[in-house]
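S.K.: Can you keep this structure in mind? I'll have questions shortly.
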Amino acid sequence: MTYTKPVTTTEMFKKAYSGGYAIGAFNVNNMEIVQGITEAAKEVSAPLILQVSKGARAYANHTYLMKLVEAAIIETGLPICLHLDHGDSFELCKSCIDGGFTSVMIDASSKPFAENIELTKKVVEYAHDHGVVVEAELGTLAGVEDEVQVSAEDSSYTRPEEVEEFVTKTGCDSLAIAIGTSHGAYKFTAAQCTRNEKGELVPPPLRFDVLEEVSKRLPGFPIVLHGSSSVPQEFVKMINGNGGKMPDAVGIPEEQLRKAASMSVCKINIDSDLRLAMTGTIRQFFNEHPDKFDPREYLKPARANIKELVKHKLIHVLGCDGKAF
Ligand code: G3H
Ligand code: 13P
Ligand code: ZN
(Lines give C-alpha, C1' and ligand atoms only; values in the text may rest on other atoms or scores of the structure.)
(Ligands and ions follow the chains in the order given, each with its own letter.)
Protein backbone atom coordinates (compact mmCIF):
# COMPACT_ATOMS: atom_id res chain seq x y z
CA MET A 1 0.00 0.00 0.00
CA THR A 2 1.19 3.50 -0.82
CA TYR A 3 -0.15 6.51 1.06
CA THR A 4 -0.91 9.79 -0.69
CA LYS A 5 -2.55 11.78 2.12
CA PRO A 6 -1.82 12.29 5.83
CA VAL A 7 -3.38 9.70 8.13
CA THR A 8 -4.59 9.88 11.74
CA THR A 9 -2.72 8.12 14.52
CA THR A 10 -5.54 5.66 15.26
CA GLU A 11 -4.13 2.62 13.44
CA MET A 12 -0.50 3.55 14.20
CA PHE A 13 -1.16 3.68 17.93
CA LYS A 14 -3.14 0.42 17.98
CA LYS A 15 -0.25 -1.42 16.34
CA ALA A 16 2.40 0.38 18.41
CA TYR A 17 0.62 -0.43 21.68
CA SER A 18 0.30 -4.12 20.93
CA GLY A 19 3.73 -4.33 19.29
CA GLY A 20 5.65 -2.73 22.16
CA TYR A 21 7.11 0.15 20.17
CA ALA A 22 6.44 3.88 19.73
CA ILE A 23 5.97 6.25 16.82
CA GLY A 24 8.46 9.11 16.54
CA ALA A 25 6.88 12.55 16.51
CA PHE A 26 9.41 14.92 15.02
CA ASN A 27 9.00 18.70 14.81
CA VAL A 28 9.30 20.22 11.36
CA ASN A 29 10.10 23.82 10.45
CA ASN A 30 11.55 23.74 6.94
CA MET A 31 12.17 21.58 3.89
CA GLU A 32 15.53 20.12 4.92
CA ILE A 33 14.15 18.92 8.25
CA VAL A 34 11.12 17.31 6.56
CA GLN A 35 13.38 15.63 4.02
CA GLY A 36 15.94 14.37 6.55
CA ILE A 37 13.26 12.79 8.73
CA THR A 38 11.20 11.26 5.95
CA GLU A 39 14.17 9.91 4.00
CA ALA A 40 15.27 8.09 7.16
CA ALA A 41 11.77 6.69 7.71
CA LYS A 42 11.57 5.53 4.11
CA GLU A 43 14.88 3.68 4.38
CA VAL A 44 13.75 1.72 7.41
CA SER A 45 10.03 1.63 6.54
CA ALA A 46 8.73 3.40 9.63
CA PRO A 47 5.40 5.17 10.20
CA LEU A 48 5.81 8.81 11.25
CA ILE A 49 4.21 11.75 12.97
CA LEU A 50 5.40 15.12 11.67
CA GLN A 51 4.40 17.87 14.04
CA VAL A 52 4.10 21.60 13.67
CA SER A 53 4.17 23.98 16.63
CA LYS A 54 2.48 27.36 16.81
CA GLY A 55 5.97 28.86 16.42
CA ALA A 56 6.74 26.72 13.35
CA ARG A 57 3.48 27.81 11.79
CA ALA A 58 4.30 31.44 12.48
CA TYR A 59 7.80 30.95 11.03
CA ALA A 60 7.11 28.95 7.88
CA ASN A 61 3.36 29.42 7.32
CA HIS A 62 0.65 26.74 7.54
CA THR A 63 0.36 26.13 3.80
CA TYR A 64 4.10 25.75 3.23
CA LEU A 65 4.43 23.22 6.03
CA MET A 66 1.35 21.29 4.97
CA LYS A 67 2.53 21.13 1.37
CA LEU A 68 6.03 20.04 2.44
CA VAL A 69 4.51 17.20 4.44
CA GLU A 70 2.21 16.27 1.55
CA ALA A 71 5.25 16.24 -0.75
CA ALA A 72 7.05 13.92 1.66
CA ILE A 73 4.07 11.54 1.68
CA ILE A 74 3.99 11.47 -2.12
CA GLU A 75 7.76 10.88 -2.26
CA THR A 76 7.84 8.15 0.40
CA GLY A 77 4.37 6.57 0.28
CA LEU A 78 4.59 6.19 4.06
CA PRO A 79 1.77 6.51 6.61
CA ILE A 80 2.48 9.99 8.00
CA CYS A 81 0.30 11.90 10.44
CA LEU A 82 0.33 15.72 10.33
CA HIS A 83 -0.07 16.93 13.90
CA LEU A 84 -0.38 20.28 15.68
CA ASP A 85 2.08 20.31 18.59
CA HIS A 86 1.04 22.20 21.76
CA GLY A 87 -2.12 23.86 20.46
CA ASP A 88 -2.97 26.47 23.09
CA SER A 89 -6.48 27.50 22.03
CA PHE A 90 -9.63 26.17 20.39
CA GLU A 91 -9.12 28.65 17.52
CA LEU A 92 -5.61 27.39 16.73
CA CYS A 93 -6.78 23.76 16.80
CA LYS A 94 -9.79 24.60 14.61
CA SER A 95 -7.60 26.40 12.09
CA CYS A 96 -5.32 23.34 11.79
CA ILE A 97 -8.28 20.96 11.57
CA ASP A 98 -9.91 23.10 8.87
CA GLY A 99 -6.53 23.37 7.13
CA GLY A 100 -5.93 19.64 6.66
CA PHE A 101 -4.10 18.42 9.79
CA THR A 102 -5.08 14.90 10.83
CA SER A 103 -4.25 15.29 14.52
CA VAL A 104 -4.08 18.16 17.01
CA MET A 105 -2.82 18.56 20.54
CA ILE A 106 -4.74 20.81 22.87
CA ASP A 107 -2.35 21.62 25.67
CA ALA A 108 -4.41 23.02 28.52
CA SER A 109 -2.17 21.34 31.09
CA SER A 110 -1.32 24.63 32.76
CA LYS A 111 -5.02 25.32 33.48
CA PRO A 112 -6.95 23.97 36.47
CA PHE A 113 -8.26 20.39 36.00
CA ALA A 114 -11.89 21.40 35.26
CA GLU A 115 -10.83 24.02 32.70
CA ASN A 116 -8.44 21.58 31.05
CA ILE A 117 -11.37 19.14 30.70
CA GLU A 118 -13.72 21.81 29.35
CA LEU A 119 -11.34 23.12 26.66
CA THR A 120 -10.10 19.66 25.67
CA LYS A 121 -13.70 18.41 25.30
CA LYS A 122 -14.59 21.35 23.04
CA VAL A 123 -11.61 20.61 20.77
CA VAL A 124 -12.39 16.86 20.76
CA GLU A 125 -16.00 17.48 19.67
CA TYR A 126 -14.93 19.68 16.75
CA ALA A 127 -12.01 17.43 15.78
CA HIS A 128 -14.01 14.19 15.85
CA ASP A 129 -16.75 15.78 13.73
CA HIS A 130 -14.02 16.37 11.13
CA GLY A 131 -12.26 12.98 11.35
CA VAL A 132 -9.30 14.37 13.31
CA VAL A 133 -7.81 12.89 16.49
CA VAL A 134 -6.81 14.78 19.65
CA GLU A 135 -3.90 14.54 22.08
CA ALA A 136 -4.39 16.17 25.47
CA GLU A 137 -2.06 16.67 28.44
CA LEU A 138 -2.24 16.19 32.20
CA GLY A 139 0.66 17.23 34.42
CA THR A 140 3.28 19.87 33.64
CA LEU A 141 6.70 19.41 32.10
CA ALA A 142 9.60 21.67 32.98
CA GLY A 143 11.49 23.50 30.23
CA VAL A 144 10.81 25.96 27.42
CA GLU A 145 8.27 25.56 24.63
CA ASP A 146 7.45 28.49 22.35
CA GLU A 147 7.58 31.53 24.60
CA VAL A 148 6.46 29.64 27.69
CA GLN A 149 9.10 28.77 30.25
CA VAL A 150 8.10 26.37 33.05
CA SER A 151 10.54 26.20 35.95
CA ALA A 152 11.33 22.86 37.60
CA GLU A 153 9.49 24.02 40.76
CA ASP A 154 6.30 24.75 38.79
CA SER A 155 6.37 21.44 36.94
CA SER A 156 4.47 18.49 38.38
CA TYR A 157 4.10 14.81 37.64
CA THR A 158 0.77 13.58 36.28
CA ARG A 159 -1.54 12.40 39.06
CA PRO A 160 -2.66 8.87 38.04
CA GLU A 161 -5.87 9.21 40.07
CA GLU A 162 -7.04 11.93 37.63
CA VAL A 163 -6.51 10.18 34.30
CA GLU A 164 -9.69 8.06 34.03
CA GLU A 165 -12.01 10.96 34.76
CA PHE A 166 -10.04 13.17 32.34
CA VAL A 167 -10.08 10.71 29.44
CA THR A 168 -13.72 9.73 29.98
CA LYS A 169 -14.98 13.29 30.23
CA THR A 170 -12.94 14.70 27.32
CA GLY A 171 -13.00 11.79 24.87
CA CYS A 172 -9.37 12.53 23.89
CA ASP A 173 -7.56 9.92 21.77
CA SER A 174 -4.16 10.01 23.50
CA LEU A 175 -2.72 11.54 26.64
CA ALA A 176 0.61 13.26 27.23
CA ILE A 177 1.84 12.75 30.77
CA ALA A 178 4.61 14.20 32.90
CA ILE A 179 6.99 11.56 34.30
CA GLY A 180 10.20 13.57 34.43
CA THR A 181 10.94 14.48 30.82
CA SER A 182 11.29 18.13 29.96
CA HIS A 183 11.53 20.37 26.90
CA GLY A 184 14.73 21.77 25.43
CA ALA A 185 18.44 20.91 25.56
CA TYR A 186 18.87 21.59 29.28
CA LYS A 187 16.49 19.10 30.83
CA PHE A 188 18.18 18.94 34.20
CA THR A 189 20.51 21.18 36.14
CA ALA A 190 23.93 19.81 37.01
CA ALA A 191 22.75 19.73 40.64
CA GLN A 192 19.90 17.34 39.75
CA CYS A 193 22.35 14.90 38.07
CA THR A 194 25.21 12.65 39.03
CA ARG A 195 28.32 12.22 36.85
CA ASN A 196 29.55 9.03 35.15
CA GLU A 197 33.16 7.90 34.81
CA LYS A 198 33.56 10.09 31.66
CA GLY A 199 32.44 13.11 33.67
CA GLU A 200 29.15 13.31 31.74
CA LEU A 201 25.95 14.29 33.53
CA VAL A 202 23.57 11.42 34.35
CA PRO A 203 20.00 12.62 34.92
CA PRO A 204 17.56 11.23 37.48
CA PRO A 205 15.50 8.29 36.12
CA LEU A 206 12.01 8.76 34.68
CA ARG A 207 9.09 7.94 37.00
CA PHE A 208 8.12 4.57 35.54
CA ASP A 209 5.95 3.97 38.59
CA VAL A 210 3.71 6.87 37.50
CA LEU A 211 3.59 5.52 33.93
CA GLU A 212 2.66 2.05 35.18
CA GLU A 213 -0.08 3.40 37.42
CA VAL A 214 -1.52 5.49 34.55
CA SER A 215 -1.47 2.47 32.20
CA LYS A 216 -3.18 0.28 34.79
CA ARG A 217 -6.02 2.79 34.96
CA LEU A 218 -6.21 3.25 31.16
CA PRO A 219 -5.63 -0.20 29.67
CA GLY A 220 -4.85 -0.09 25.94
CA PHE A 221 -4.85 3.71 25.88
CA PRO A 222 -1.97 5.43 24.03
CA ILE A 223 0.32 7.55 26.19
CA VAL A 224 2.56 10.33 24.83
CA LEU A 225 5.94 11.54 26.06
CA HIS A 226 7.00 15.10 25.30
CA GLY A 227 10.47 16.48 25.94
CA SER A 228 12.15 13.24 24.87
CA SER A 229 15.30 14.36 23.16
CA SER A 230 18.44 12.60 24.35
CA VAL A 231 20.74 15.55 23.60
CA PRO A 232 23.49 13.48 21.89
CA GLN A 233 26.82 14.59 23.32
CA GLU A 234 28.50 14.18 19.93
CA PHE A 235 26.43 17.14 18.63
CA VAL A 236 26.86 19.18 21.81
CA LYS A 237 30.63 18.72 21.37
CA MET A 238 30.38 19.63 17.68
CA ILE A 239 28.58 22.85 18.62
CA ASN A 240 30.94 23.72 21.47
CA GLY A 241 34.00 22.84 19.39
CA ASN A 242 32.96 25.20 16.61
CA GLY A 243 32.26 28.42 18.45
CA GLY A 244 29.00 27.47 20.20
CA LYS A 245 28.28 27.70 23.88
CA MET A 246 26.03 24.97 25.27
CA PRO A 247 27.62 23.88 28.53
CA ASP A 248 26.02 21.02 30.44
CA ALA A 249 23.27 20.33 27.89
CA VAL A 250 21.69 17.02 28.93
CA GLY A 251 18.75 14.87 27.78
CA ILE A 252 16.83 11.66 28.47
CA PRO A 253 18.95 8.48 28.19
CA GLU A 254 17.91 6.40 25.20
CA GLU A 255 17.46 3.16 27.19
CA GLN A 256 14.78 4.83 29.28
CA LEU A 257 12.89 5.94 26.19
CA ARG A 258 13.18 2.43 24.74
CA LYS A 259 11.69 1.04 27.94
CA ALA A 260 8.81 3.57 27.81
CA ALA A 261 8.19 2.64 24.15
CA SER A 262 7.89 -1.02 25.09
CA MET A 263 5.19 -0.06 27.62
CA SER A 264 2.08 2.07 26.93
CA VAL A 265 3.95 5.01 25.39
CA CYS A 266 2.96 5.12 21.70
CA LYS A 267 4.28 8.58 20.72
CA ILE A 268 7.66 10.07 21.62
CA ASN A 269 8.32 13.75 20.80
CA ILE A 270 11.73 14.79 19.53
CA ASP A 271 12.71 18.28 18.44
CA SER A 272 15.82 19.49 20.28
CA ASP A 273 17.98 16.64 18.93
CA LEU A 274 17.16 17.70 15.36
CA ARG A 275 18.12 21.27 16.22
CA LEU A 276 21.42 20.10 17.71
CA ALA A 277 22.25 17.97 14.66
CA MET A 278 21.47 20.80 12.27
CA THR A 279 23.25 23.50 14.26
CA GLY A 280 26.35 21.39 14.99
CA THR A 281 26.73 20.41 11.34
CA ILE A 282 26.33 23.95 10.05
CA ARG A 283 28.68 25.41 12.68
CA GLN A 284 31.32 22.87 11.75
CA PHE A 285 30.85 23.54 8.04
CA PHE A 286 31.23 27.30 8.51
CA ASN A 287 34.30 26.79 10.66
CA GLU A 288 35.93 24.50 8.12
CA HIS A 289 34.86 26.44 5.01
CA PRO A 290 34.85 30.15 5.83
CA ASP A 291 34.88 30.94 2.10
CA LYS A 292 31.63 29.10 1.24
CA PHE A 293 28.32 30.90 0.94
CA ASP A 294 25.95 28.61 -0.99
CA PRO A 295 23.22 27.52 1.48
CA ARG A 296 22.88 24.20 -0.34
CA GLU A 297 26.43 23.33 0.60
CA TYR A 298 25.83 23.58 4.34
CA LEU A 299 22.19 22.49 4.38
CA LYS A 300 23.05 19.26 2.58
CA PRO A 301 25.28 17.82 5.35
CA ALA A 302 22.83 19.17 7.96
CA ARG A 303 20.00 17.26 6.29
CA ALA A 304 22.19 14.15 6.04
CA ASN A 305 22.99 14.26 9.77
CA ILE A 306 19.31 14.72 10.63
CA LYS A 307 18.60 11.65 8.52
CA GLU A 308 21.23 9.55 10.33
CA LEU A 309 20.03 10.72 13.74
CA VAL A 310 16.40 9.91 12.93
CA LYS A 311 17.32 6.50 11.51
CA HIS A 312 19.11 5.70 14.75
CA LYS A 313 16.05 6.78 16.78
CA LEU A 314 13.60 4.80 14.66
CA ILE A 315 15.60 1.59 15.00
CA HIS A 316 17.23 1.78 18.43
CA VAL A 317 14.98 4.04 20.52
CA LEU A 318 11.44 3.81 19.12
CA GLY A 319 11.65 0.30 17.65
CA CYS A 320 9.24 1.23 14.83
CA ASP A 321 11.46 0.25 11.88
CA GLY A 322 9.70 -2.12 9.49
CA LYS A 323 6.28 -1.16 10.91
CA ALA A 324 5.03 1.20 8.17
CA PHE A 325 2.87 -1.31 6.29
O1 G3H B 1 7.74 21.43 22.61
C2 G3H B 1 8.07 22.30 21.82
C3 G3H B 1 8.76 21.99 20.55
O4 G3H B 1 10.13 21.76 20.76
C5 G3H B 1 8.51 23.09 19.56
O6 G3H B 1 9.29 24.20 19.85
O7 G3H B 1 7.60 26.01 19.90
O8 G3H B 1 10.04 26.52 19.54
O9 G3H B 1 8.69 25.41 17.74
P10 G3H B 1 8.89 25.64 19.22
P1 13P C 1 12.48 18.02 23.11
O2 13P C 1 12.76 19.46 23.44
O3 13P C 1 13.00 17.11 24.17
O4 13P C 1 12.95 17.64 21.76
O5 13P C 1 10.88 17.84 23.12
C6 13P C 1 10.11 18.13 21.98
C7 13P C 1 8.65 18.15 22.28
O8 13P C 1 8.16 17.69 23.29
C9 13P C 1 7.79 18.75 21.24
O10 13P C 1 6.46 18.82 21.66
ZN1 ZN D 1 6.23 19.09 23.77
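S.K.: Looking at the stretch 217-231, which of its residues are in contact (Cβ under 8 Å) with a residue 12 or more places away in the chain and either more than 30 Å from SER18 (Cβ to Cβ) or more than 16 Å from ligand 1 (Cβ to nearest atom) (or both)? Working first, answer last.
M.R.: Looking only at the stretch 217-231, we keep the residues that are in contact (Cβ under 8 Å) with a residue 12 or more places away in the chain, and these are 217-218, 220-231.
Passing the criteria: ARG217, LEU218, GLY220, PHE221, PRO222, ILE223, VAL231.
S.K.: Here's a follow-up. If I filter the stretch 25-32 for residues that are closer than 24 Å to HIS183 by Cα and either of a type in the set (D, E, K, R) or in contact with a Lys or Arg (Cβ under 7 Å, 6 or more places away or on another chain) (or both), do I get at least one hit?
M.R.: Checked against the condition, which is being closer than 24 Å to HIS183 by Cα and either of a type in the set (D, E, K, R) or in contact with a Lys or Arg (Cβ under 7 Å, 6 or more places away or on another chain) (or both), the stretch 25-32 yields at least one hit.
For (1) closer than 26 Å to ARG275 by Cβ; (2) part of a loop (DSSP other than H, G, I, E, B); (3) free of Cβ contacts under 8 Å to residues at least 40 places away in the same chain; (4) touching a helix residue (DSSP H, G or I) at 6+ places or on another chain (Cβ under 9 Å), each residue gets a yes or a no:
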site: VAL163; (1), (2), (3), (4): no, no, no, yes
site: LYS169; (1), (2), (3), (4): no, no, no, yes
site: PHE188; (1), (2), (3), (4): yes, yes, no, no
site: GLU197; (1), (2), (3), (4): no, yes, yes, no
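S.K.: Out of the residues in the stretch 82-104 that are within 14 Å of ligand 2 (Cβ to nearest atom) and touching a residue at least 60 places away in the same chain (Cβ under 8 Å), state the one that is nearest to the chain's Cα centre (by Cα).
M.R.: Narrowing the stretch 82-104 to residues within 14 Å of ligand 2 (Cβ to nearest atom): 83-88, 103-104.
From the residues that got through so far, the ones that are touching a residue at least 60 places away in the same chain (Cβ under 8 Å) too are 83, 85-86, 103.
Working: HIS83: 10, ASP85: 8, HIS86: 10, SER103: 13 Å.
Filtering first and then ranking leaves ASP85.
S.K.: Has the stretch 59-80 got any residue that is in a strand (DSSP E or B) and of a type in the set (A, V, I, L, M, F, W, C)? Before you say what the answer is, go through the steps one by one.
M.R.: Step one: of the stretch 59-80, the residues in a strand (DSSP E or B) are 80.
Of the ones still in play, those that are also of a type in the set (A, V, I, L, M, F, W, C) are 80.
Yes, the conditions are met somewhere in the stretch 59-80.
S.K.: Looking at the structure I just gave you, is ILE239 in a helix (DSSP H, G or I), surrounded by 16 or more Cβ atoms within 10 Å (Cβ to Cβ) and of a type in the set (Val, Ile, Thr)? It would help to see each step written out before you state the result.
M.R.: Values: in a helix (DSSP H, G or I): yes; surrounded by 16 or more Cβ atoms within 10 Å (Cβ to Cβ): yes; of a type in the set (Val, Ile, Thr): yes.
Criteria met by ILE239.
S.K.: Moving on. Condition (residue is within 14 Å of the chain's Cα centre (by Cα), among the acidic types (Asp, Glu) and outside any loop (DSSP other than H, G, I, E, B)) applied to the stretch 261-271: is it met by at least one residue? Show your work before the answer.
M.R.: Quick first cut of the stretch 261-271, residues within 14 Å of the chain's Cα centre (by Cα) only: 261, 265-271.
Then keep just the ones that are among the acidic types (Asp, Glu); that gives 271.
Those left that are additionally outside any loop (DSSP other than H, G, I, E, B): none.
Among the residues of the stretch 261-271, not one is within 14 Å of the chain's Cα centre (by Cα), among the acidic types (Asp, Glu) and outside any loop (DSSP other than H, G, I, E, B), which makes the answer no.
S.K.: Still on this structure, I have one more. Does any residue of the stretch 294-312 turn out to be away from ligand 1 (no atom under 16 Å from the Cβ), over 23 Å from MET31 (Cα atoms) and at pLDDT 95 or above? Walk me through how you get there before you give the answer.
M.R.: We begin by selecting, within the stretch 294-312, every residue away from ligand 1 (no atom under 16 Å from the Cβ); these are 294-305, 307-308, 311-312.
Still in the running and over 23 Å from MET31 (Cα atoms): none.
No, there is no match, as no residue in the stretch 294-312 is away from ligand 1 (no atom under 16 Å from the Cβ), over 23 Å from MET31 (Cα atoms) and at pLDDT 95 or above.
S.K.: Now a separate question. Restricting attention to the stretch 81-120, which residues are surrounded by 15 or more Cβ atoms within 10 Å (Cβ to Cβ), part of a loop (DSSP other than H, G, I, E, B) and away from ligand 1 (no atom under 16 Å from the Cβ)?
M.R.: Hits for the stretch 81-120 are GLY100, THR102.
S.K.: I'd like to verify a number: residues in the stretch 124-146 that are touching a Phe, Trp or Tyr at 6+ places or on another chain (Cβ under 6 Å) and surrounded by 24 or more Cβ atoms within 10 Å (Cβ to Cβ), how many? It would help to see each step written out before you state the result.
M.R.: In the first step, residues of the stretch 124-146 are kept if they are touching a Phe, Trp or Tyr at 6+ places or on another chain (Cβ under 6 Å); the result is 138-139.
Subsequent filtering for residues that are surrounded by 24 or more Cβ atoms within 10 Å (Cβ to Cβ) retains 138.
Summing the residues that are touching a Phe, Trp or Tyr at 6+ places or on another chain (Cβ under 6 Å) and surrounded by 24 or more Cβ atoms within 10 Å (Cβ to Cβ) in the stretch 124-146 gives 1.
Yes/no matrix, rows are residues, columns are (1) modelled with pLDDT under 95; (2) out of contact with any strand residue (DSSP E or B) (no Cβ under 7 Å at 6 or more places or on another chain):
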| site | (1), (2) |
| --- | --- |
| ALA191 | yes, yes |
| ASN196 | yes, no |
| PRO203 | yes, no |
| LEU206 | no, yes |
| SER229 | no, no |
| ASN242 | no, yes |
| LYS245 | no, yes |
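S.K.: Also: Determine whether the stretch 284-291 contains at least one residue that is among the acidic types (Asp, Glu) and within 16 Å of ligand 2 (Cβ to nearest atom).
M.R.: Of the stretch 284-291, the ones among the acidic types (Asp, Glu) are 288, 291.
Next, from what is left, pick out any that are within 16 Å of ligand 2 (Cβ to nearest atom): none.
No, there is no match, as no residue in the stretch 284-291 is among the acidic types (Asp, Glu) and within 16 Å of ligand 2 (Cβ to nearest atom).
S.K.: Tell me which of these GLU212 doesn't satisfy, since it passes every other one: (1) buried (at least 21 other Cβ atoms within 10 Å of the Cβ); (2) modelled with pLDDT of 95 or more.
M.R.: Going through the list (1) buried (at least 21 other Cβ atoms within 10 Å of the Cβ); (2) modelled with pLDDT of 95 or more, GLU212 breaks only (1).
The values are calculated or read from the model by the stated rules, or taken from the named source; none is laboratory data. The model shown is predicted, which means the values in this text are computed figures rather than measured ones. Methodologically, a virtual Cβ is constructed for each residue, glycine included, from the backbone with ideal geometry; neighbour enumeration extends over all protein chains shown.
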